[in-house]
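The values are calculated or read from the model by the stated rules, or taken from the named source; none is laboratory data. This structure is a prediction, so every number in the text was calculated from the model and none was measured. Methodologically, a virtual Cβ is constructed for each residue, glycine included, from the backbone with ideal geometry; neighbour enumeration extends over all protein chains shown.
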Amino acid sequence: MQKIMVIGAGQMGSGIAQVCAQAGYNIVLNDLKTDFVERGLAVINKNLSRQVDKNKLTAEQKDEILARITRSTTLQDAEGVDLVIEAAVENMEIKTKIFAQLDAIAPEHTILASNTSSLPITEIAAATNRPEKVIGMHFMNPVPVMKLVEIIRGLATADEVYQTIEDITKKIGKVPVEVEDFPGFVANRILMPMINEAIYTLYEGVATKESIDEVMKLGMNHPMGPLTLADFIGLDTCLYIMETLYDGFGDPKYRPCPLLRKYVKAGWLGKKSGRGFYVYE
Ligand code: CAA
């Protein structure tokens with residue numbers, strides 16, 4: 001494994017590109033437009049500069065890391081890579097389209113991984129002719145800080161592919177956890193119903209948003225309250241994951257709170273849109 005292509009230069013993709021480049025891999029950072037790639041690189045640059053300021057990295061090391069990342073706006077660049085980590089939008093149609101294209105372009109040995117937070121890996125794999133080389137690699141936000149990577153085995157994922165991905169996860173300083181392919185995997189199956197319940201608690205007027213967050217921060221030692229965390233993740237993403245759980249299990253306990261739907265419809269998507277449960281300057 002030498003060269004990794006990361007598809008999507010947003011919050012997750014840029015973080016994944018950063019940690020892989022810091023571990024010594026050559027990265028192809030891909031997005032639809034040059035502007036998106038540049039924005040992702042600017043975030044990486046800022047994160048690395050902060051590490052230089054804190055004397056965790058030298059200016060020389062920072063330059064070396066950045067030099068390992070090349071820009072791309074075409075999937076054709078998958079021609080020369082050993083691993084692709086897809087971190088595009090959470091939409092099955094878009095993901096299957098990308099995977100079918102990658103399958104036609106990438107060399108035979110190339111592993112195709114998805115950073116999906118809840119969509120079935122088995123279904124994404126079925127869009128390719130190499131389902132045994134398709135796997136889930138679910139990073140947490142913010143990627144440079146959070147230690148966990150959920151590694152999701154699709155129905156056909158080969159053992160040696162799992163092993164390679166586990167080794168890479170360790171090499172980039174993360175802790176792998178093996179998970180089977182069921183809706184929401186483990187992280188979001190547990191996290192999202194908690195966030196959804198916090199939203200119901202607000203919706204039913206049990207407490208203010210500040211009080212709900214304070215209870216979970218001070219009472220459970222969570223670094224962020226659930227409503228702050230929902231804003232941080234993105235309310236559209238939270239809703240999408242709840243719907244995936246609801247559809248996937250058919251159990252009413254996963255029904256998304258109407259207040260969450262209302263905020264998403266209003267375009268109040270959390271930190272990224274400037275307003276969610278809280279207002280951001
Ligand atoms: N990118 C890179 N580094 C960041 C960062 C970011 N966005 N945000 C914070 N950091 C770094 C800081 O530079 C700092 O680094 P040093 O220790 O080297 O100095 C460190 O993280 C701590 O940051 P701060 O002191 O500024 O802030 P904090 O102590 O409040 O921590 C936090 C910030 C790490 C985000 C913390 O609040 C936290 O852990 N929150 C919960 C995050 C969480 O639950 N993530 C999972 C979301 S769910 C998910 O991702 C799955 C999904 O599919 C939806």
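Listed values, structure above:
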quantity	calculated
Residue that is nearest to residue 22 (Cα to Cα) [pool: residues in the stretch 36-54 that are of a type in the set (A, V, I, L, M) and more than 12 Å from the ligand (Cβ to nearest atom)]	41
Wholly within the stretch 1-75, helices (runs of 4 or more DSSP H) carrying at least 1 residues that are aliphatic (A, V, I, L, M) and under 23 Å from residue 117 (Cβ atoms)	11-22, 34-53
Set 79, 90: member being in a helix (DSSP H, G or I), under 30 Å from residue 180 (Cα atoms) and touching a helix residue (DSSP H, G or I) at 6+ places or on another chain (Cβ under 7 Å)	79
Counted residues, the stretch 61-114 - those being touching a strand residue (DSSP E or B) at 6+ places or on another chain (Cβ under 8 Å) and among the acidic types (Asp, Glu)	4
Verdict on residue 235 being of a type outside the set (Val, Ile, Thr), more than 30 Å from residue 25 (Cα to Cα) and in contact with a Gly (Cβ under 6 Å, 6 or more places away or on another chain)	yes
Sole residue being within 16 Å of the ligand (Cβ to nearest atom), assigned to a helix (DSSP H, G or I) and modelled with pLDDT of 95 or more, chosen from 224, 216, 146	216
Residue list for the stretch 183-213, filter: in a loop (DSSP other than H, G, I, E, B) and either touching a Pro at 6+ places or on another chain (Cβ under 8 Å) or within 15 Å of the ligand (Cβ to nearest atom) (or both)	183, 184, 185, 186
Subset of the stretch 120-133 that is crowded, with 23+ Cβ neighbours inside 10 Å and closer than 15 Å to residue 88 by Cβ - its residue that is nearest to the ligand (Cβ to nearest atom)	121
Residue 57 vs. criteria within 13 Å of the ligand (Cβ to nearest atom) and either surrounded by 15 or more Cβ atoms within 10 Å (Cβ to Cβ) or under 21 Å from residue 174 (Cβ atoms) (or both)	yes
